[in-house]
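The values are calculated or read from the model by the stated rules, or taken from the named source; none is laboratory data. Being a predicted model, the structure only gives us computed values, none of them experimental. Glycine gets a Cβ as well: all are built from the backbone with ideal geometry, and neighbour counts include every protein chain shown. What goes into the accessible areas is simple: the full protein's heavy atoms, side chains included, and nothing from ligands, DNA or RNA. Shrake-Rupley method; radii C 1.70, N 1.55, O 1.52, S 1.80 Å.
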Amino acid sequence: MEKDESDDGGSRVAGGEPPATSNSSSPEGIATFKRELLEFLAEPPEAEESVTVAPWDIRLFEGYGRGLVATRDIAVHELVFVDRPMLLGPRVNNYDVIFCASCCRILKRLQLCSGGCRLPICGRCDFAAPASPHATECRLIQSWQPKDAGRYAKNILYALTSIRGFLLSERDRRIVLQMEGHAPRKEMLTEIEGLLKDGYFGNLPADGPDVRYLRQVVNVLNTNAFETSRVVTGDDGDVGDDGSNGAAEHEIVLRGLYVLGAMMNHCCQPNVRYVFDRQLRMRVYASRPIRRGEQILNNYSKLLWGTQHRIIHLCFSKNFVCGCQRCKDPTEFGTYLGALKCVRESCTEGRMLPVNPLKILSVWQCDQCNLKLSNVKATKIQEIAGRMVLNNALKRDGPHIIGYLNDHILKFLLPTNQFIVELKLQAIKKIQPSRPLVELREKERYCLEILDLLDRLKYGECFIKGILCYELFVTCAAIARALNDRSITMDEPSLERLRTAWQILGPSSNRPRDLQQLAVTHGIEE
C-alpha cells in the first residue's frame with residue numbers, strides 16, 4: 001500500500017537507536033528489500049508454498065512508489081503469490097467476546113495471564129504454562145512494569161500487534177521499517193499514545209527509544225495492515241482441519257502486516273483478488289488476465305462504493321487521490337453507484353453527478369435538466385441517505401429490507417446507488433434457503449443485479465463475485481425445491497456459477513461451509 005515515491009528506513013534493535021537510513025527506493029535498496037523479503041517468505045520450510053517461478057518483481061513506479069509488476073503473462077485464476085504475516089494480532093477496536101491474546105480461543109470467563117501483563121490468556125498459553133507461546137511477549141510487557149497488574153487492560157490488547165514488533169529478528173525489523181508509514185492525523189489518538197496518556201506502564205518513557213520504535217510500527221501498520229480473521233472455538237475444543245468439531249465457532253477479526261501484499265499499489269479496477277487460508281496466509285490470484293509489464297494492482301477501498309466515497313476514504317486513510325479510469329468517469333462505466341436522483345421534482349429521470357469526480361469539492365449537475373448542486377448539498381443528501389439506510393434497515397431482517405427497498409428508499413435513491421446496493425447485499429446475506437418463495441425470488445434478482453454491476457465495472461473474477469455466484473446457486477436450488485423443478489439447478493448456467501464460486505472461494509478459510517460438498521455433489525471438485 002505504498003504511495004510515496006521514496007521511503008527511507010532502516011533497522012534497529014529493541015531499546016536502541018535506529019541506524020542510519022538507506023534509500024530503499026534505489027535499485028540496490030529494492031534488490032536488498034526483495035532478497036530479505038523472499039528469505040522471510042521461505043520460512044518456515046514446511047509452510048512454504050509458492051509458484052515455481054515467481055511471476056512478479058518489485059519496481060519503482062513514478063507517482064506510485066514501489067509496487068509489483070508482472071514478469072510474464074498471468075492467466076485469470078492463476079496464483080500470483082502466497083504471503084504470510086510478519087505481524088499478526090488484535091485490531092484497535094472493541095470485541096464482543098473475550099479471547100486469548102495468544103491463540104484467540106474464546107474464554108468463557110476472563111482469565112488474566114499469571115505473568116502480570118494484564119492480558120486475557122487461556123491456560124495453554126499462560127506465562128507459567130510449559131513452552132508458552134506468549135511467554136516472550138509477556139516478559140517484554142513485564143519489563144515496562146505494568147500498573148494494576150491484577151486488572152485486565154483492553155488498551156494493552158489493542159496495542160499488542162505493534163508490541164510484537166519487538167519480537168522480530170533484525171532482518172524482519174529492517175523490512176518493516178522500510179515500509180511506508182504515514183504519521184497519524186493530529187486528532188487521532190493511536191494505541192501507543194493511549195497507553196502513554198493513561199499511564200499504563202511505570203517504565204516506558206514517552207521520549208525513549210522503545211516508544212519511538214513503537215510509533216514507527218504503528219504508522220507502518222496503519223498504512224499497510226490487512227484485516228484478516230481466525231475461526232476459533234471456546235475453551236472446550238479446537239477447530240479441526242475441516243473447520244468443524246461440533247463446538248460452536250466464532251470468528252475473531254485480526255489485523256496482519258502482509259508485506260508482499262502491501263507492496264501492491266491501488267486501482268479501483270484491481271486485477272487481483274486475495275483470500276486467507278486456515279494458516280492465515282494471504283493467497284493472491286489474478287482476477288483478470290495480467291500482461292507482462294503491467295502492475296499487479298489491489299483495491300484499498302470498497303469495490304461497490306461510489307467515487308466520492310472512495311476518494312474521501314483514500315485521501316484520509318492512505319494520503320492519495322486515485323485517478324484511475326473508473327474515478328475519471330462520472331457514471332462509473334454506467335453503474336451510477338455514486339449518483340443521486342435529481343432534486344428537481346419535475347425532472348423524474350435526471351441523475352446528479354459530480355462535474356469533476358476527482359475533486360472532493362466538485363459541483364454536481366443533473367444529466368437531464370443541467371441543474372447544478374453544490375458539493376455541500378450533495379454530501380448532505382448522501383449523509384441523510386446513509387443514515388436512513390443504517391438506522392432503518394441495515395440491521396433488520398431480510399423481509400424488512402425487501403419492504404424498505406420496495407416501499408420507501410427507492411423513491412429517494414437510484415436503483416444502483418451504493419446505499420441501495422449495500423441493502424441488497426445485506427438482504428442476500430440474511431435471506432436463507434428456507435425462506436418463502438417470494439423472498440427467494442427477490443434475493444435471486446438482487447444477486448443478478450449486482451453481478452451485472454460487477455460485469456460493467458470490469459472486475460473479473462473478484463471475491464464478491466464468488467460470494468454472489470454461491471448465493472445465487474443455493475437460492476436457485478431452494479427455488480427449484482419449492483417448485484419441484486430440479487432442472488433449475490442442473491442447467492449449465494447454474495453449474496457454471498457453482499464452478500465460479502468454487503474457483504474463487506475454495507482456497508478461503510471463511511468460505512461457505514457447504515460449498516465443498518456442493519462442488520463434489522455436482523462434479524465440480526473431485
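Some observations on this one:
- Table column - 3J(HN,Hα) (Hz), segment 169-183, Karplus curve with 6.51, -1.76, 1.60, x for Gly and Pro: 5, 4, 4, 5, 5, 4, 4, 4, 6, 9, 7, 4, x, 6, 5
- Here the 3J(HN,Hα) profile of segment 464-480, calculated from phi with Karplus coefficients 6.51, -1.76 and 1.60 at θ = phi - 60°, is 5, 5, x, 4, 5, 5, 5, 4, 5, 5, 5, 5, 4, 5, 5, 5, 4 Hz, Gly and Pro shown as x.
- Radius of gyration and maximum dimension Dmax of segment 422-478, Cα, Å: 11.0, 33
- Percentage relative contact order, the chain, counting C-alpha pairs under 8 Å, at least six apart: 13
- The length gained on full extension between Arg344 and Thr521, counted as 0.36 nm times the residue separation minus their Cα-Cα distance, comes to 58.3 nm.
- Residues whose amide H lies under 5 Å from that of Thr228, counting only those 5 or more places away or on a different chain, are Leu254, Arg255, Gly256; hydrogens are built 1.01 Å from N in the peptide plane.
- Nearest-ten-degree value, helix 375-389 long axis tilted from longest Cα axis of the chain: 90
- With Cα atoms, 0 to 90° folded angle of helix 418-430 axis to the chain main axis: 80
- Angstrom value of the Kirkwood radius, inverse mean 1/r, which spans all Cα pairs in segment 253-404: 17.9
- Using Cβ point charges alone (K and R +1, D and E -1), the dipole size of segment 307-432 about the Cα centre works out to roughly 300 debye.
- Spin-label pair Asp407/Lys359, simplified geometry with 7 Å Cα→Cβ offset, distance in nm: 4.4
- Taking 0.36 nm per residue of separation and subtracting the current Cα-Cα distance, fully stretching the chain between Glu43 and Ala482 would add 152.8 nm.
- With every protein chain in place, the chain: carbon and sulfur % of accessible area (1.4 Å): 51
- Length added when fully stretched, Val97-Asn203, from 0.36 nm per residue minus Cα-Cα: 35.1 nm
- Reachable lysines from Lys424, criterion Cα separation under 28 angstrom, eight or more residues apart if same chain: Lys302, Lys328, Lys341, Lys377, Lys380, Lys395, Lys411, Lys443, Lys458, Lys465
- Largest-first ordering by accessible area, 1.4 Å probe, given options Met188, Met388, Met282: Met188, Met388, Met282
- Of all DSSP beta bridges in the chain, antiparallel share, percent nearest 5: 95
- Solvent-accessible surface (1.4 angstrom probe) belonging to Thr228, in square angstrom, nearest 10: 10
- Once the convex hull of all Cα atoms in segment 371-526 is built, its volume per residue stands at 139 Å³.
- Taking all protein chains into account, the per residue accessible area for segment 374-502 stands at 48 Å² (1.4 Å probe).
- Sequence of Arg164, Arg456 from largest to smallest accessible area, 1.4 Å probe: Arg456, Arg164
- Compared with the dominant principal axis of the Cα atoms in the chain, helix 27-41 is inclined by about 90°.
- Placing +1 on each Lys and Arg Cβ and -1 on each Asp and Glu Cβ, with no other charges, gives the chain a dipole about its Cα centre of roughly 1440 debye.
- Max-minus-min Cα coordinates of the chain on each principal axis give 68, 53, 49 Å, with the largest extent listed first.
- Inter-label distance, nm, simple model (7 Å from Cα along the C-beta direction), Asn375/Leu167: 4.5
- Accessible area per residue, Å², segment 143-201 with all protein chains present, probe 1.4 Å: 46
- Reciprocal of mean inverse Cα separation for segment 415-454 (Kirkwood radius, Å): 10.3
- Distant-in-sequence amide contacts of Phe81, defined by a placed amide H-H separation under 5 Å and a gap of 5 or more residues or a different chain, comprise Val284.
- Along segment 105-119 the Karplus relation, 6.51 cos²θ - 1.76 cosθ + 1.60 evaluated at θ = phi - 60°, assigns HN-Hα couplings of 4, 5, 9, 5, 9, 5, 10, 8, 4, 5, x, x, 7, 6, 9 Hz to successive residues, with x for each Gly and Pro.
- Computed label-point distance, nm, for sites Val76 and Leu280 using a 7 Å Cα→Cβ extension: 3.4
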